[in-house]
Amino acid sequence: MKIKLDISNERYDEVKSALEERGMEIDDTADLVLSEANSYSDNLTVREKGTNARIILPAEDIVCIESYGHEVEVQTQEAIYLATDRLYRI
């Protein structure tokens, strides 16, 4: 089973290890998301527009987030990326 983790950096490694020991695969493209209540993420997982390479952006680098139909763009000072999550999850 694949699961995406949407948790704080402080607990990420601990939770990831515990789930992997139980046979679960951690994948940023998974449909199932495990998240912490009352927390926010320090980073946002995005994809490069041209290469589709996975990038983890620090939240403080994000200038703007826009949605066009089913596509969510995340803009920094340097580039525009595609979000891997739906707008309501971000």
Here the qualifying pairs (Cβ atoms under 7 Å; residues six or more apart or on different chains; first in region 22-48 and under 23 Å from Ser67 (Cα atoms); second modelled with pLDDT under 90 and open to solvent by 60 Å² or more (accessible area, probe 1.4 Å)) come out as Asp28/Arg54; Asp42/Asn9; Asn43/Ile56; Leu44/Ile90; Thr45/Arg54; Thr45/Ile56; Arg47/Arg54
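Report yes if some residue within region 47-57 is under 11 Å from the mean Cα position of the chain (by Cα), of a type in the set (Gly, Ala, Ser) and surrounded by fewer than 13 Cβ atoms within 10 Å (Cβ to Cβ); otherwise report no. If you could, list the steps in order and put the result at the bottom.
In the first step, residues of region 47-57 are kept if they are under 11 Å from the mean Cα position of the chain (by Cα); the result is 47, 54-57.
Still in the list and also of a type in the set (Gly, Ala, Ser): none.
No, the conditions are met nowhere in region 47-57.
Give region 58-90 a look and list any residue that's over 14 Å from the mean Cα position of the chain (by Cα), open to solvent by less than 40 Å² (accessible area, probe 1.4 Å) and of a type outside the set (A, V, I, L, M, F, W, C), or say none.
Across region 58-90, the qualifying residue is only Thr76.
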Would you point out the residue of region 8-31, among those that are open to solvent by 90 Å² or more (accessible area, probe 1.4 Å) and not acidic (Asp, Glu), that is nearest to Val72 (Cα to Cα)? Arg11
Confirm whether Leu5 is open to solvent by less than 50 Å² (accessible area, probe 1.4 Å) and more than 18 Å from Tyr88 (Cα to Cα). no
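The values are calculated or read from the model by the stated rules, or taken from the named source; none is laboratory data. Here the structure is a predicted model, which is why all the values come from computation and not from measurement. Don't worry about glycine lacking a Cβ; one is built from the backbone with ideal geometry, like all the others, and counts go over all protein chains shown. Heavy atoms of the whole protein, side chains included, go into the accessibility calculation; ligands, DNA and RNA do not. Shrake-Rupley method; radii C 1.70, N 1.55, O 1.52, S 1.80 Å.
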